[in-house]
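Structure record follows, encoded as structure tokens.
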């Protein structure tokens, strides 16, 4: 993968400042340590930093069409570039996927994006029309940010390149705080930076020479097909073939490719399929441990590595890593670290980068095939709607207060079902704070026009899957994966999010995903063909760290200082009494408030690093 950035003064308001463009490229150097270039032509400036994966010795960017019609900066990989190239009559000068994209634009225009298979974000300038095109892949694996002002449009792979490269007033978008407290991330197109937008997954943008910006959605998951079209004897075979095709496509590279291996069913299946495709060629796998038997899955990862036959590598993540790396990784994230596991992903990426340049990972399996425990209870949303919202909320809060901390999953379910509307219920399954708790913290009602519309769906499970695919996955998990791996200059590829596999999965009825109360039924039936039964059927743990214990020991002092100190940003905008109550309740063991405390701490560190720090001239750390 790479870093891209650029500026377009559409109204010819002056030439691009080359020194600023170089700063943008410098800020993105971690995304592409192998090469760094800038290019300016009149009101347009483009920058590129390269991590060489395909056509390593050539394919420098920005790349320009032989007839001068298009100029391109591209981040990502087009897995079907060889197939596309065979159908393009173009005088190719390289062997890479970048020029295939450029040739497709020359011959077919921006609609060529619909033929791409892979993960990508690019900016392409059409010289004849003076139009700058931005595009982001269907699932949002790779990022793209932009800032529109009177002078023109600035874009970059990461928001920090815009904030540092082309200074503007860097302030918090307070209208996005409610969304952050709901999901520990802000859904596209919004960010916590006022004036900076994320291009949504499956969308492209056109910035015209008159200064106008138009957005277009070019992809969305298909509706569920009639269950009569899916016969049990063959659907497992079809799913297996789709997964094998996706993994095979994601292994396209001219450099070594390894895999993250948690020991869970998704990453384990991917590793097993990789090994079958590779045959005798070695595969490097990477796992993280936390020194806590409750959440440590190293033994399962080792079990899978031995079963499949990989060269396995491990790293242990400690509480001290959080304190040491928190500002650095927040700077890389450009947002609050949404999950404690962000640090573990970075440590894994550091380890992997010593052996490979690319790793495959298991993101997407839960959102495609119904893997989270909440999907088993999704149908209760319709049942709960029979009870009036006010009464449901009151009853939910009363029951929750009586649950012991060990019944965390029941607590999550009660909090979700107690929400007033269907859209609030959909968002609440992963929400650290309920709508009533957010009102107490913020002291105001949530801003209008910022809530995500309820997605269409065949049933409650399908609606919940579509909601997570559009929000939780790109704005949290994929954003984490991209930033933490790019911080180590490592390319991450989630093959389960190949759009062919995604379309196959979303055409399937929910009963093939959550079957007889068993989540991820279809994916696990495929996994049984590759993995031991005990690996497939073990209880889902997830990529978790022992944060509850650390907040009562190693991280306790930091949490109190940051959230209750006189200079606290959180303390200045949120209800201080409510914040103190959370800390005190967790400390005495009355409840496990790790998710909510982490949410507030991450926001505080983000403000210290990405707002106050950048205002004071800090350019981050490598």
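Cα convex hull, region 551-615: 76 Å³ per residue, rounded to a whole number. Over the chain, Cα pairs under 8 Å with separation of 6+ residues give a relative contact order of 16 percent. Only alpha carbons enter this Debye calculation for the chain, each as an equal point scatterer, and the log10 of I(q)/I(0) it gives at q = 0.06 Å⁻¹ is -0.30. The value obtained for region 2-217, namely the Cα convex hull volume divided by the number of residues, is 115 Å³ per residue. Cα centroid separation, region 53-72 to region 572-588: 54 Å. Region 307-384 and region 224-278 have their alpha-carbon centroids 19 Å apart. What the Kirkwood sum gives for region 1-86 is a hydrodynamic radius of 13.7 Å, with every pair of different alpha carbons counted.
Could you check how many percent of all C-alpha pairs in region 118-193 are farther apart than 18 Å? That fraction is 52 percent.
Compute the Cα gyration tensor for region 478-622, then decide on rounded, prolate or oblate, letting a ≥ b ≥ c be the square roots of its eigenvalues: rounded whenever a/c is under 1.5, prolate when a/b is larger than b/c in the other cases, and oblate in all that remain.
Prolate is the answer for region 478-622, as a/c is 1.5 or above and a/b outweighs b/c.
Per-residue packing, averaged as other Cβ atoms within 10 Å, sorts the ranges 211-224, 54-67, 591-604 into the order 591-604, 54-67, 211-224, beginning with the highest.
Taking the Cα centre of each part, how many Å lie between region 126-203 and region 496-532? Their Cα centres are 33 Å away from one another.
Values quoted throughout were computed directly from the atomic coordinates according to the rules given, and no laboratory measurement underlies them. This structure is a prediction, so every number in the text was calculated from the model and none was measured. As a convention, Cβ positions derive from the backbone with ideal geometry for all residues, glycine included, and neighbour counts pool all protein chains shown.
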